[in-house]
Amino acid sequence: MPPRVLLGVLCWAALAGTPALAATPTTVGSASFSAAGDKTEIRIPLSGTAPAYSAFKAADPERLVIDFPASAIAEGASVQAGGLVTRGEFATLNDGSEVVRLTLYLSGPFTHELRGDGTDLIVSLSPGAAEDPLASALGNGRLSGPAAPIDGPALTTLDFAYDEQVSRVVLSLQSVEPAVSQPSSRMVAVDLPGARMPASLSREIDSSHFLSPVAGVKARPTRAGTRVEITLRESAEYQIKRDGELYTIEFANTAEMVKTHVDRVQKGAEAAPSSPRDNETQGLGNASGGEILIGPTGHTDDPQTTFGSGSGADDPNSLAFAEESPGSGSTKYRGRRMSIDLQDADIHTVFRFIADTAELNIVASDDVKGNVTVRLKDVPWDQALAAILQSKGLSAQRFGNIIRVAPIETIKSEQQAALEAQDAKKKLEPLQIFVAPLDYANAEEVEAQLKPLLTERGSIQVDVRSNQLIIKDVQSSIAMLRELLKRVDQKNRSVSIEARFVEANSSHVHQLGIQWGSGVDASGATGYQTGAFFPNSVGVSGGLTHSGAAQFYSPGNDSLLVDLGTTAPASGALAFSLGSIPGLIDLDARLSALESEGWGKIVSSPRVNVMDNSTAVVTQGAAIPFETVSNGGTQVQLVDAALKFEITPHITTDGNVSMDVKIKNNRPDFTQAVQGRPAIAKKELETKVLVADGDTAVLGGVYATEEAWQQERVPGLGSIPLLGYLFKNSASTSKQNEMLVFITPRIITLE
């Protein structure tokens, strides 16, 4: 049976009914057209059993190409022009089997549709749709955006486009009006109030490898919505253009940048030229400490843009299909989708169909031969090619728009030979000396990082006096190390950190007590003797003094029956005395009461500026001497009772601050002194926290409540209802203590 192929926008024109057992070749007849309005239809008569065809579009000029495998051109067949078709031509390709190719040249952009009408093929052509302004702004590049629709105000596209004259930051906004400002000469900010940002745009676009005023672009969520920050190499003017929800911020490339760009293109230098290292450009080559991919010649790329662009190891365009299983899930295929149904077809014919879909050229070596039978439906062309190569033990290499196919062993042996030749060339390449002065990094520390990157013949020395590195190696290694040093030797950004250590306490004390005493003196002094020989006189009084000491009765002494006054000095008291005229009976009483309230607040607010990834320590307080006695004599040891603030910040690439925090707030407590030496009240906190720039975080806190109630009474008598209050006192205490630690980091922007 002849091969049946469906790829790209393939439309089958299979004959109705059960396929015949014997197939006859397809014959392609003259193409005629008919026009209705702006739509053009072309009818192509086909004869034979199971005719098959495939089509793809091409540009410059606009054309539609239709291939008919295992076919022949009918005698006298021609193409009739009209409507959108300016001319057409037939051609015959011989790729193991005869392939008829019909090329239709059109007057402009178009859309097409193929359908079968019996054994004939009908091609419907319509003028192309209006140009997408967003794609136009990006130069028809790949657009970023969310994987699913977003409700409400949102940022839906964030891209960077570059040409020789202009650099563009492209934003697509949904139901939000931007507020563009320039907070510094090196930054343009676009605030989107209330707008959401999809996770797919939570990335940084590093444009440092372009000759552009824009060093980088990133979007980040804020408390008010979303902010897009455009980092500039230097102060630059910009223009804002709007087309519906599309906003384009254009920065004109300077004349020097344009000239450098032209020189690079014309000279085709192998190693990327570098810009002078000065305070204006230092640290901006890698917009905000983002990822950088440095090639062996010193050329730099953004790994995010390199992945999937034809130069990454995981990119299907590298075509290392036979070395890595396509089913492993580690390869991401992005080619145009196609369907293919082949039965015992020549492999060269298959390569032709794939080349037409991919719009690439495929060259197969002489030892690539054989037939394949495969059925794939709606798969990327690169995945289809990978599967076919894998099944036949083949591999592929890509050179621009040419794919070369050969057996795996052939390509591996060539690669091995190339590596051996490259190694031999390096061993013969003369060594060069490169002196690298460092402004911010320590040369001895950088030396340890660079040594593993040298070749076998390379060496590195440190000039401590001038903080320089002296590198001796081949040119390609020096180019790579030079670019690496530009990223390592950069200004460290700084962070201003403010901490607040807040302590609050309150107390409430309530006490109520009573003291009373009485005396009875039935004696001659009062004129109330008993008249008996014994006892002739009777005297009764309290057995306690005001100080609480016990005493025996003696006339005239002040004594208490109940001494249950307040334990602390009373804040109020009421005393009264009752007695008879002759002094037979006396009653003295005193009610005392105490109620106190208090509160206090202590705020310690250490502040410090510290460089990224460095440690800062702030200490305030006293060192208290303590004596220790041992066999060696008396020694004095100092114990810190101070506020100590120790912090190590790290600025993340998304603008947050990660901090290792240690806070100690130790104070002397003289209420618990031992031999005149106070105890140390310790309050310490140690944690690691991530905080957004300018936000305040609560690191931790302790809330303590203390309540106490106490009663003293005379046994038995104190339990009598109502009357018992004369024989008891009570005291209640309530205390609250709260401690909170706050911290606020602010990233310092260097102009």
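The values are calculated or read from the model by the stated rules, or taken from the named source; none is laboratory data. If you're wondering where the values come from, they're calculated on a predicted model, not measured in any experiment. Reconstructed Cβ throughout: ideal geometry from the backbone, glycine too, with neighbour counts over all protein chains shown. When the accessible area is computed, the model is the full protein with side chains, heavy atoms only, and any ligands, DNA or RNA have been set aside. Shrake-Rupley method; radii C 1.70, N 1.55, O 1.52, S 1.80 Å.
Would you mind listing how long the range 159-269 runs along its three principal axes, going by Cα atoms, in whole Å with the largest first?
The Cα atoms of the range 159-269 stretch 48, 27, 25 Å along their principal axes.
Of the listed peptides 536-542, 357-363, what is their order by residue-averaged count of other C-beta atoms within 10 Å, with the highest listed first?
357-363, 536-542
For a distance above 14 Å, tell me the whole-number percent of Cα pairs in the range 328-391 that qualify.
More than 14 Å apart: 56 percent of the Cα pairs in the range 328-391.
If you count only protein heavy atoms and use a 1.4 Å probe, how large is the accessible surface of THR567, to the nearest 10 Å²?
100
Are any of the pairs LYS451/LYS472; LYS662/LYS688; LYS392/LYS412; LYS218/LYS259; LYS426/LYS486 more than 18 Å apart by Cα-Cα distance, and if so, which?
LYS218/LYS259; LYS426/LYS486
For a quick check: with amide H placed at 1.01 Å from N, whose amide H comes under 5 Å from ILE403's, ignoring anything fewer than 5 positions away on the same chain?
Under 5 Å from the amide H of ILE403 lie the amide H atoms of ASN361, ILE362, VAL363, each far enough along the sequence or on another chain.
Starting from one equal scatterer on each C-alpha and no solvent at all, send me the Debye-based log10 I(q)/I(0) for the range 411-543 at q = 0.14, 0.20, 0.21 Å⁻¹, two decimals.
One equal scatterer on each Cα of the range 411-543 leads to -0.84, -1.13, -1.19.
Would you grab the residues whose amide H sits under 5 Å from the one on TYR528? Only those 5+ places off in sequence or on another chain, please, with H modelled 1.01 Å from N.
SER523
Report the Cα-based extents of the range 438-488 along its three principal axes, largest first, to the nearest Å.
Here the Cα extents, ordered largest to smallest, are 26, 19, 15 Å.
Semi-axes of the range 680-745's equivalent ellipsoid from the Cα gyration tensor, sqrt of 5 times each eigenvalue, largest first, rounded to whole Å?
Three semi-axes, in Å: 51, 11, 7.
Using the reciprocal of the averaged 1/r over all distinct C-alpha pairs, how large is the Kirkwood radius of the range 572-727 in Å?
When all Cα pairs of the range 572-727 are included, the Kirkwood radius is 22.5 Å.
Once the range 331-448 is represented by equal point scatterers at the alpha-carbon sites, with solvent omitted, what log10 I(q)/I(0) does the Debye formula produce at q = 0.20, 0.22 Å⁻¹?
For the range 331-448 at q = 0.20, 0.22 Å⁻¹, log10 I(q)/I(0) is -1.11, -1.28.
Just the accessible area for SER507, please: 1.4 Å probe, Å², rounded to the nearest 10?
40
How much accessible surface area, in Å² rounded to 10, belongs to the heavy atoms of MET187 with a 1.4 Å probe?
It works out to around 40 Å².
Calculate the tail of P(r) for the range 461-527: the fraction of all Cα-Cα distances greater than 20 Å, expressed in %.
Counting pairs separated by more than 20 Å, the tail of P(r) holds 72 percent.
Sorting check: for 153-161, 458-466, which peptide has the highest mean count of neighbouring beta carbons within 10 Å, and how do the rest follow?
153-161, 458-466
Could you pull the Cα extents of the range 147-208 along its three principal axes, largest to smallest, in whole Å?
So the extents along the principal axes, rounded to whole Å, are 36, 26, 18.
Enumerate the whole-percent occupancy of each 10 Å bin, from 0 to the last occupied one, for all C-alpha pair distances of the range 477-617.
With 10 Å bins starting at 0, P(r) equals 9, 19, 15, 10, 8, 7, 7, 7, 6, 5, 3, 2, 1.
Under 10 °C and 1.306 mPa s, how fast does the range 638-751 diffuse according to Stokes-Einstein, given a Kirkwood radius computed over C-alpha pairs? Answer in µm²/s, whole number. Before the final figure, lay out each step's value.
Values: Rh = 19.0 Å.
Roughly 84 µm²/s, to the nearest whole number.
Among the GluC sites (Glu not before Pro) in the range 423-465, which ones are in a DSSP loop with at most 16 other Cβ atoms within 10 Å of the Cβ? Mind listing them?
Numbers: sites: GLU444, GLU445, GLU447, GLU456; in loops: GLU456.
Hits after loop and neighbour filter: GLU456.
With all protein chains present, how much of the accessible area of the range 641-697 (probe radius 1.4 Å) comes from carbon and sulfur, to the nearest whole percent?
Looking at the range 641-697 in its full context, I get 47 percent from C and S.
Give me a comma-separated list of calculated 3J(HN,Hα) values for the range 182-187, in order, Karplus coefficients 6.51, -1.76, 1.60 applied at θ = phi - 60°, integers in Hz, x for any Gly or Pro.
Once θ is set to phi - 60°, the couplings for the range 182-187 become 10, x, 8, 5, 10, 8 Hz.
Per-residue HN-Hα couplings for the range 477-483, Karplus 6.51 cos²θ - 1.76 cosθ + 1.60 at θ = phi - 60°, whole Hz, x for Gly and Pro?
Computed from phi, the couplings for the range 477-483 are 5, 5, 4, 5, 5, 4, 5 Hz.
What value in Å³ per residue do you get for the convex hull of the alpha-carbon atoms in the range 582-636?
Numbers: hull volume 16.0 nm³, N = 55.
Convex hull of Cα atoms, per residue: 290 Å³.
Of ASP243, ASP489, which has the most accessible area with a 1.4 Å probe, and how do the rest follow in descending order?
ASP243, ASP489
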